[in-house]
Structure formats: structure tokens, C-alpha cells
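This report concerns only the one structure given below.
The values are calculated or read from the model by the stated rules, or taken from the named source; none is laboratory data. From a predicted model like this one, the values you see are computed outputs, not experimental measurements. Here the Cβ positions follow ideal geometry from the backbone for every residue, glycine too, while neighbour counts run over all protein chains shown. With ligands, DNA and RNA removed, areas are computed over all heavy atoms of the protein, side chains included. Shrake-Rupley method; radii C 1.70, N 1.55, O 1.52, S 1.80 Å.
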Amino acid sequence: MTDKQGLTYADAGVDIDAGNRLVDMIKPLVRATARAGAAAEIGGFGGLFDLKAAGFRDPVLVAATDGVGTKVKLAIDSGLHGGIGIDLVAMSVNDLVVQGAEPLFFLDYFACGKLDPEAAAAIVAGVAQGCRESGCALIGGETAEMPGLYKDGDYDLAGFAVGAAERGTLLPRPDVAVGDAVLGLPSSGVHSNGFSLVRKVVDTCGLRLDQPAPFSPVMTLGAALLTPTRLYVKSCLRAIRETSAVKGLAHITGGGFTDNIPRVLPRGLGVRIDLPAVPVLPVFKWLAAQGGIAEPELLRTFNCGIGMIAIVSRPAVAAVTEAFAEAGETATYLGEVIEQADSSVVYDGHLDLSL
């Protein structure tokens, strides 16, 4: 017999106690997301949701999943983890609402090389905030510590959301027609797409993430670029339900206007966008100038200042605009639906990229 102790999981780089500590830290955050249909407790082997308790009679379930891409690299490098959880929620719940669905519950997946409970708790706090602001419950998740696959300090995120809509109310509607108005809702910044190009521009210009942002000197460059993705759930649901005039919505993510708007158009229809009407945010003007990024590339990579598109019957533009305003959104008229054989986006004029 020998007194030498055998190897433990901790010797292999996995700290079970740190994982348990994280669960204890985030339980109050999770409970704060409870809503009708879900108690938002964690610790079991699965999350439960009661559709009847949520008030649905004949629901169609809608599911979405996404991550936040290489934006996590900026969060890691800057040490600013609080907003990345909001991004994670937004990327999925914004995709649910464009189909007319109300987000019901969310689950997250967090993978890392070595678990830092404080940093992970900050991320989950952002997830919980995004869920509360979207009216969905955080009913479960998974934390995976995987030394050898991720470097210490590195992590990645994925999110999974499920929503529901009453049968017959899903978007886009089949009656999208020539002459319908195209409205845009403002973005909060770069949101969570195009960050490989953003990081390339930052590397090229030689700025550090802790230096003042040239386009927003009151913030560091890291904090400005990490501005969380805007959540459009409550404003879009309000406009849909109060006006019955929203025919389609398009979440402007990777692919920009060029690739996302056609996804909600019937065959044979396109849209015409008046580019001077787009409220281009300073961050995009800076990226375009520093990277020499051409306008077509901007329009196919970034949201350029518009994070959500609404297609609305023209007689109801005022009512829909008012509904958005009452929910805290400023809707901008950007163009109209046109006949277009390939369902593409046609651009008039140019973006205002003047600094």
C-alpha cells in the first residue's frame, strides 16, 4: 500500500467548488427573472414552463439560439464582462419577436478554461437583466470548465430562447405589398455582429481598449464598443398588439440591411431604402474612416445605426410610430416596399459618414 494520493478533478484543472459557489451567487439573479409560467429556479436537471399559466390558448412555439461572436474577445481583453450577458439574450429574443412571438424562457451556456466565479456572475447578471427587460424567465443553464480547450481567462457563450405566439398571428404576414412603409428603430451601437472587422480596425489604428474612444471621448474604447445590444421585445410587441398594422420585422444582425430585410419579404418584392435618412452612429463613421470600409461593406456587415426594421401598412404609419414612441422608441421612415424580382434591397443616395 502507498500513502500517495490519487489524482483529483482539481488536479486536472476543474474546480467543482468554484462551480458550486457560482451557482449560489447567481440564484438570486435567476429568481428575479420569474414570470407567469415559470418559477425561475435553478439546480434541477431541466427547466419547466407552463404555457397555460402564461395565458396561451393555442400557441405555436418559436425557438432561437445564438452567441455573441468575437465580441467576447473584447470583453475578455478589457475585463468588462457586465454587458455581454445582455448581448447574449438580445441576439435570441430579438429574433423571436420578429416572428411575432413573446419570449417565454431562456437558457445560457458558459464555457471557459478556468472558472472565475466573480466574472461569470457578472456575465449571468447581464443575462438576468436582459431576461427581465424582455419579460422572459431564466430557467436554466450550464457552466463548463474545460482546461486544455480554452486558455485561462478565455470563455465563450451561447444562449437559447423559446417564445410563443397564438396560432395565426406569426410574422411576417402574407399581405406585405408594394407601397408598404419601411420604418427603422435605432441601434445602441455595433450590437453583436461584425466584431472580427471591428477588432481588425482597432488593431490597425493602434489604440488600446482603455484609452478614450475617439467617437465617444467620455468612455473608454472598450466600454464604447461593448455597449450592449438594444432589446426590442417590449416595444415591438406593443406596436404589434396595439395597431395590428405591423406586417413584418427584420432584426438587423450579421448581413446588415442587405441580407436581413429580404428574409421577411414575399417573392417578387424588395425594399427601397433612402440612405441619407439612416441615423448613422458615430462609431460606424469612425470605423468607416479608420478602416477605409466601403459603403456596400458597411451595409452588409453592420447595422449602421438601425437595429430593427418594421414593415407597416402606409395608412397606419402614424399609429405605429406613436406606439413605438410610447414604448420609448423613435421610429424613422426609411423607405418603402417595391416590386423587385430578386427580393433585394435597393439603395438611394449615400450614408452620412461625415465625422
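Taking H placed 1.01 Å from N in the peptide plane, check which residues at least 5 places from M308 or on another chain put their amide H under 5 Å from its amide H.
The list, which skips near neighbours in sequence, is L185, I252.
In nm², what is the average projected area of the convex hull enclosing the Cα atoms of the stretch 14-88?
Values: hull surface 28.5 nm².
Averaging across all directions leaves 7.1 nm² for the Cα convex hull.
Please work out the C-alpha center-to-center distance from the stretch 128-177 to the stretch 39-53 and express it in whole Å.
Comparing the Cα centres of the stretch 128-177 and the stretch 39-53, I get a distance of 15 Å.
Using a probe radius of 1.4 Å on heavy atoms only, what accessible surface per residue do you get for the chain? Whole Å² is fine. Spell out each step's value before the answer.
Values: 15930 Å² over 355 residues.
In whole numbers, the chain has 45 Å² accessible per residue.
Given a cut-off of 15 Å, what percent of all Cα-Cα pairs of the stretch 53-132 lie beyond it? Intermediate results must be reported in sequence, preceding the final value.
On the way: 1882 of 3160 pairs.
Within the stretch 53-132, distances greater than 15 Å cover 60 percent of Cα pairs.
Please give the charge dipole size of the chain, origin at the Cα centre, charges +1 on K and R Cβ atoms and -1 on D and E Cβ atoms. Round to the nearest 20 debye. Intermediate results must be reported in sequence, preceding the final value.
Details: 28 positive and 40 negative charges, 96 e Å.
Here the size comes out at about 460 debye.
When only alpha-carbon atoms count, how far does the chain stretch along each of its three principal axes, as whole angstroms with the largest first?
85, 56, 35
When the accessible area of the stretch 99-222 is split by element with a 1.4 Å probe, what percent falls to carbon and sulfur? Working shown, then result.
On the way: 2780 of 5040 Å².
Taking all protein chains in place, the stretch 99-222 shows 55 percent carbon and sulfur surface.
For the stretch 190-299, which semi-axes, largest first and in whole Å, follow from the square roots of 5 times the eigenvalues of its Cα gyration tensor? Don't skip to the end; give the middle numbers.
On the way: eigenvalues 188, 64, 26 Å².
Output for the stretch 190-299: semi-axes of 31, 18, 11 Å.
Go through 312-324, 296-308 and give me the packing order, highest mean Cβ count within 10 Å leading. Before the final figure, lay out each step's value.
Values: 312-324: 18.0, 296-308: 22.7.
Highest mean packing first, the order is 296-308, 312-324.
What fraction, in whole percent, of alpha-carbon pairs in the stretch 83-235 exceed 23 Å separation? Could the numbers behind the result be given before it?
Numbers: 5778 of 11628 pairs.
In whole percent, the share of Cα-Cα pairs in the stretch 83-235 beyond 23 Å is 50.
Once the other residues with Cβ under 14 Å from the Cβ of G148 are scored (Lys, Arg +1; Asp, Glu -1), what is the net sum? Mind showing how you got there, number by number?
Values: positive: K114, K151; negative: D11, E145, D152, D154.
Charge balance near G148 sits at -2.
For the stretch 4-162, what is the largest minus smallest coordinate of the Cα atoms on each principal axis, given in angstrom and ordered from greatest to least?
If we take the Cα atoms of the stretch 4-162, the spans are 63, 33, 22 Å.
Identify which of S216, S343, S187 has the largest mean-square fluctuation in a Gaussian network model of the chain, with springs joining Cα atoms closer than 10 Å.
S216
Could you tell me how many cubic angstrom of Cα convex hull volume the stretch 238-297 has per residue? The partial results should precede the final answer.
Numbers: hull volume 7.7 nm³, N = 60.
Convex hull of Cα atoms, per residue: 128 Å³.
Stretch Y9-E326 to full length: gain in nm at 0.36 nm per residue minus the Cα-Cα span? Show your work: numbers first, answer last.
Working: separation 317, 0.36 × 317 = 114.12 nm, distance 5.40 nm.
Fully extending the segment from Y9 to E326 adds 108.7 nm.
How are the C-alpha pair distances of the stretch 130-180 spread across 10 Å bins, as whole percents from the shortest bin up?
Cα pair-distance distribution for the stretch 130-180, in percent: 15, 28, 25, 18, 12, 3.
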